[in-house]
Every structure is written in structure tokens, then in C-alpha cells.
Amino acid sequence: MTAVHATDSRTTAVAAGLRPTRIEVDLDAIRHNVGRLAALAGGAEICAVVKADAYGHGAEAVARAAVEAGATWLAVALAEEGLQLRDAGIDARILLLSEPPVAAIADLLAADLTPTVYREPFIAALDAQGQGRGRPVLVHLKVDTGMARVGVPPEHWQARFEQVATAPGVELEGLCTHLARADEPPVDTTSQQLAAFDRAIAQAARVGLHARLTHAANTAGGLLHPGSHHVLVRPGIGVYGLSPSSEGDAAEHGLCPALRLVSEVSFAKHVAAHTPVSYGHRWRAPEAGWVATVPIGYADGVPRRLTNRIQVLLGGRRRPVVGAITMDQLMVWCGDEEPVVGDEVVLLGAASRAPASGPPQGPPPGPPSGPSQWPPPGPPPGAPQELPPGAQPRPRPGTDPETDQAPGAEAAAADGTPTASPPLQVRAEEWAEAADTVTYEIVTSLTTRLPRIHLGVAH
Ligand SMILES: Cc1ncc(COP(=O)(O)O)c(C=O)c1O
């Protein structure tokens with residue numbers, strides 16, 4: 001049975017009918033994506049990356065769903081994030097993707113978090129702890145093969161391998177690296193990094209180090225570079241059904257966005273032609289028509305630079321966000337259709353109810369009852385979906401050629417007749433492209449002011 005996870009005070013506020021703006025996270029989609037990523041990785045083990053509150057999706061619920069779907073590991077960036085998962089009762093293996101400060105060692109050992117290591121003093125400190133407790137600490141040693149962020153640089157591989165091999169308080173469980181350009185069109189960098197990783201594995205073996213787990217792949221590696229799969233893959237963004245880049249399109253690989261960002265119309269007014277809207281009057285109504293106000297703004301994580309650049313779903317159609325996005329509110333152009341206070345507005349994700357003019361469009365209203373039914377039969381999520389018979393897509397007068405054309409406009413024939421329907425979902429990829437950033441930044445920027453409601457918690 002599908003349930004709403006409504007344990008915190010923020011969720012209670014929504015349930016009580018206060019500000020209707022919220023994030024909904026479909027845990028069936030998370031489970032589906034983990035299964036799909038495992039299949040794409042040819043059976044490699046999955047380490048689901050749930051750092052940064054599971055990329056804004058809610059770490060505890062996502063971690064549980066990922067483990068239910070077969071992930072054997074979880075990964076976080078910070079010791080604090082690992083401790084939070086332990087406090088929530090999650091007992092899966094948890095990998096820290098970066099070395100924490102030495103001062104964190106006692107906590108991480110007490111919570112059985114597995115550190116990624118690369119610095120001599122940190123490994124020495126762990127060795128001492130391991131010897132002190134009479135049981136070696138399992139570690140994953142990271143080698144830098146071309147990312148140049150963290151990890152042992154090649155000139156220090158030999159010394160670090162020898163240190164680990166001769167440290168009785170430390171046991172090498174994993175040997176890993178991180179890919180810098182796996183999400184780009186074919187470049188030599190990835191194959192060079194993978195070749196360097198193979199050299200590191202061989203060099204470690206020569207001093208007697210044989211890691212049970214070798215791992216290199218993030219989502220893009222998993223989707224695009226079979227040579228990177230090794231024994232374990234570490235997908236993050238793909239778990240959430242989002243694309244690492246346009247090269248690795250999540251929908252094309254059968255991944256489903258798990259997050260919907262939803263609000264409601266809070267105010268509606270009819271304006272005269274040329275009426276300027278919002279701070280700076282950066283948009284004017286092209287004709288007399290309706291403007292809806294929606295109670296969400298940049299304090300919730302809708303970037304102000306998306307002003308005049310995105311669309312929402314309202315009344316079964318895509319409609320442009322117009323005028324400056326403000327801290328708590330934004331405006332939507334509805335043309336000659338009167339919005340009603342309380343109408344659902346979908347900022348990210350699929351519409352949850354059908355337009356009055358026809359049958360439901362897009363993915364089903366709620367999450368399916370089990371992973372086996374997800375995704376539903378039919379076109380993959382993200383594929384263009386037809387409007388119902390009789391429903392004509394309308395030209396959108398809301399975009400101002402003086403400012404920026406909102407993305408997703410219908411294709412038009414030479415006579416101006418729209419020829420294709422935009423999909424009835426808004427993808428984080430659209431926001432990322434319009435804001436000149438990545439999907440990662442879009443979802444991790446959604447603030448804690450937004451309650452996260454998890455659907456599909458209990459079966
Ligand atoms: C070391 C490491 N592995 C895996 C990941 C997951 O990457 P992605 O979200 O692109 O799948 C990250 C994310 O930044 C990372 O830092």
C-alpha cells in the first residue's frame with residue numbers, strides 16, 4: 001500500500017492546509033531506478049549515493065528504498081550524513097566518499113562507517129585505532145587517475161600502497177577512483193583514467209594488496225562506459241532519475257524522475273495588455289489576460305535567474321513563468337484561461353490530474369503499487385506524449401521576445417500551426433539548461449523550507 005510519510009512538523013503543516021508548496025518523492029521510482037542501474041551495470045553491485053540529503057530527495061527514505069531495491073552500499077560525503085543514517089536505524093554498509101578529518105575517526109568507527117582514504121596521516125591514525133581495538137579497519141583507498149580533486153596522486157601510489165599493505169590495523173576492502181568526464185561525448189580522458197586505474201590495481205597487487213571491491217563509475221560511467229563498471233558502481237543522480245548531462249539522458253536509459261515540485265495557485269488576476277509584472281517589470285502582458293500567482297520562490301530554491309525562462313503545468317498545459325521570480329512567489333501567464341485559486345501547479349515532474357478537456361496525460365497520478373509496475377507500459381518517461389483527442393496545443397503568447405523565450409515551445413509548421421505537443425511534465429533538465437547548470441545543482445538547491453513527502457513508503 002502506498003503511504004505518505006508524514007512524521008515531521010513541516011509535513012504536518014502541509015497536512016494542516018498551510019502553504020501548499022511541497023516536494024513529493026516517489027520511492028517506487030527510486031526503487032525502479034536502482035534496479036535499472038544495476039541491470040545497466042551488468043550485475044555490478046550498487047552503491048547508491050545519498051549525500052546532500054539524497055540530492056535533496058530526503059536521505060533516510062531514499063536510503064531505505066535503495067537498499068530494498070538491492071543496493072548493497074550507500075555513500076555519503078560527510079561523516080555527519082553517515083551518522084544521521086545510522087541514527088535513523090539504517091544498517092547497510094555506508095561509504096564516506098572523502099576522507100573526514102582525523103578528529104572524526106572515533107565517531108565513524110563507532111557508527112561503522114567505511115572511510116575512503118588517501119592521506120598518510122589519516123591512514124596512520126586509522127591503523128593505530130585498528131590495532132588498539134584488535135580488529136583492522138576496513139578502508140577504500142582512492143587513487144587519483146585524472147580528476148585532481150582527492151585521491152592519491154600517481155607519484156605517491158607506491159608509498160601509499162606499501163603503507164596500507166604493512167599496516168596491521170587497516171584492511172583494504174576497496175580500491176577506487178573517480179571519473180572527471182564520463183558524462184561528455186566520447187573523449188580520451190575516460191579511457192585514459194580507466195587504463196590508469198588498471199595500472200593502480202596491478203601495482204597494488206604487486207605489494208600484496210587485492211581489494212575485493214574495485215570501483216570507478218558514477219551514473220555516467222554506469223550508463224555510458226561499460227569498462228568502468230568493475231565490481232561496484234556508485235550512481236547518484238541516476239538513482240533520482242535525472243540526467244548527469246545531455247549525453248547521458250536519464251529517460252533514454254529508462255530512468256524515471258522521482259521528484260515532483262508542486263504548489264497551487266494562491267491568487268489570480270486579470271490584467272490589461274502591456275501590464276508589467278513583478279520586480280523590475282521584466283515582463284509585460286502581450287494582451288489582456290490572466291496572471292496566476294504561485295507561492296514558491298527563490299528562497300525555496302527556484303533560481304531567480306530562471307525568470308522568464310521556465311514553464312509550469314497548470315490546468316493541463318504548460319504555461320510560462322513570467323516576470324521576476326521573487327523570494328516567495330512567482331507569476332504564471334494563463335492568457336485567456338482563468339486560473340482558480342487552489343489549482344495544482346507543477347513546477348517539476350508530471351501533472352497529477354487530467355485537464356478538463358480529456359483523459360489523463362502523462363505518467364499515472366500516483367505512484368504504482370509495486371516496482372514491477374514501474375514504469376507503466378507505454379512510452380518511456382520523458383518521451384513526448386500526445387494531447388488527448390480534441391485538445392489542441394495553443395500558441396503561448398506569454399513569452400517575451402524582448403527577454404527570453406521560455407524553453408519547450410511547440411514546434412510550428414510554416415503556417416504557424418503547432419505540430420507537436422510538449423510533454424506534460426517539466427524536467428529538471430530544462431531548468432538546468434535554462435540556468436546554465438546541471439541537474440545536480442537544481443535538486444540540491446531546493447531548500448529545507450519545502451516539506452518532503454515520500455510516497456510509496458510502505459507496501
Ligand atoms: C566520488 C563520487 N562517486 C560517485 C558520485 C555520484 O555521481 P553521480 O551523481 O554523477 O552519479 C559522486 C558525486 O559527486 C562522487 O563524488
Quiz item: Under the condition of being within 12 Å of the ligand (Cβ to nearest atom) and either on the phi > 0 side of the Ramachandran plot or in a helix (DSSP H, G or I) (or both), which residue from the stretch 46-55 is surrounded by the fewest Cβ atoms within 10 Å (Cβ to Cβ)?
Solution: 52
Quiz item: Looking only at residues in the stretch 60-77 that are within 14 Å of the ligand (Cβ to nearest atom) and of a type in the set (Gly, Ala, Ser), which one is nearest to residue 173 (Cα to Cα)?
Solution: 75
Quiz item: How many residues, within the stretch 180-228, are outside any strand (DSSP E or B), within 16 Å of residue 37 (Cα to Cα) and of a type outside the set (A, V, I, L, M, F, W, C)?
Solution: 9
Quiz item: Got a number for residues in the stretch 60-94 being farther than 15 Å from residue 31 by Cβ, in contact with a Lys or Arg (Cβ under 8 Å, 6 or more places away or on another chain) and not in a loop (DSSP other than H, G, I, E, B)?
Solution: 5
Quiz item: Here are some residues: 280, 221, 238. Which one is surrounded by fewer than 23 Cβ atoms within 10 Å (Cβ to Cβ) and either aromatic (Phe, Trp, Tyr) or modelled with pLDDT of 95 or more (or both)?
Solution: 280
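Of the residues 150, 164, which single one is surrounded by fewer than 19 Cβ atoms within 10 Å (Cβ to Cβ) and either in a helix (DSSP H, G or I) or among the β-branched types (Val, Ile, Thr) (or both)?
Only one candidate qualifies: 150.
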Quiz prompt | Positions within the stretch 222-239 being closer than 14 Å to residue 43 by Cα, near the ligand (Cβ under 9 Å from one of its atoms) and not aliphatic (A, V, I, L, M), in sequence order | solution = 222, 234, 235
Exercise. Go through the residues of the stretch 151-171 one by one and say whether even a single one is in contact with a Lys or Arg (Cβ under 9 Å, 6 or more places away or on another chain), within 14 Å of residue 213 (Cα to Cα) and either of a type in the set (Val, Ile, Thr) or within 15 Å of the ligand (Cβ to nearest atom) (or both).
Key: no
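Let's see how each residue does on (1) surrounded by fewer than 17 Cβ atoms within 10 Å (Cβ to Cβ); (2) out of contact with any helix residue (DSSP H, G or I) (no Cβ under 8 Å at 6 or more places or on another chain); (3) touching a residue at least 24 places away in the same chain (Cβ under 8 Å):
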site	(1), (2), (3)
121	yes, no, no
174	no, yes, yes
177	no, no, yes
181	no, no, no
193	no, yes, yes
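For the stretch 412-459, name all the residues that are among the small types (Gly, Ala, Ser), in a loop (DSSP other than H, G, I, E, B) and modelled with pLDDT under 95. Write out each step before concluding.
Initially, the stretch 412-459 is screened for residues among the small types (Gly, Ala, Ser), giving 412-414, 416, 420-421, 428, 432, 434-435, 445, 456, 458.
Among the residues that remain, those that are also in a loop (DSSP other than H, G, I, E, B) are: 413-414, 416, 420-421, 435, 445, 456, 458.
Those that are among the small types (Gly, Ala, Ser), in a loop (DSSP other than H, G, I, E, B) and modelled with pLDDT under 95: 413, 414, 416, 420, 421, 456, 458.
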Quiz item: Can you tell which of 114, 21 is away from the ligand (no atom under 16 Å from the Cβ), among the polar types (S, T, N, Q) and either in contact (Cβ under 8 Å) with a residue 40 or more places away in the chain or touching a Phe, Trp or Tyr at 6+ places or on another chain (Cβ under 7 Å) (or both)?
Solution: 21
Exercise. Could you tell me which residue of the stretch 95-111 is nearest to residue 77 (Cα to Cα), considering only residues that are away from the ligand (no atom under 16 Å from the Cβ) and in a loop (DSSP other than H, G, I, E, B)?
Key: 101
Quiz item: Of all residues in the stretch 78-93, which are surrounded by 17 or more Cβ atoms within 10 Å (Cβ to Cβ), within 16 Å of the ligand (Cβ to nearest atom) and among the hydrophobic types (A, V, I, L, M, F, W, C)?
Solution: 79
Self-check item: Near pairs, Cβ below 6 angstrom, 6+ apart or cross-chain, from the stretch 62-86 (closer than 21 Å to residue 456 by Cα) to any residue that is within 13 Å of the ligand (Cβ to nearest atom) and assigned to a helix (DSSP H, G or I)
Solution: 62/54; 66/34; 69/34; 71/34
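So that you can scan it fast, the table gives a plain yes or no per residue for (1) in contact (Cβ under 8 Å) with a residue 40 or more places away in the chain; (2) small (Gly, Ala, Ser); (3) within 21 Å of residue 433 (Cβ to Cβ):
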position	(1), (2), (3)
234	yes, no, no
249	yes, no, yes
256	yes, no, yes
260	yes, no, yes
273	no, yes, no
280	yes, yes, no
286	yes, no, no
296	yes, no, yes
Quiz item: Which of (1) without any contact (Cβ under 8 Å) to a residue 60 or more places away in the chain; (2) touching an Asp or Glu at 6+ places or on another chain (Cβ under 8 Å) is the odd one out, the single condition residue 211 does not satisfy?
Solution: (1)
Practice problem: Restricting attention to the stretch 95-111, report how many residues are surrounded by 19 or more Cβ atoms within 10 Å (Cβ to Cβ) and touching a residue at least 40 places away in the same chain (Cβ under 8 Å). | Solution: 3
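The values are calculated or read from the model by the stated rules, or taken from the named source; none is laboratory data. Quick caveat, the model's predicted, so the values are computed rather than measured. As a convention, Cβ positions derive from the backbone with ideal geometry for all residues, glycine included, and neighbour counts pool all protein chains shown.
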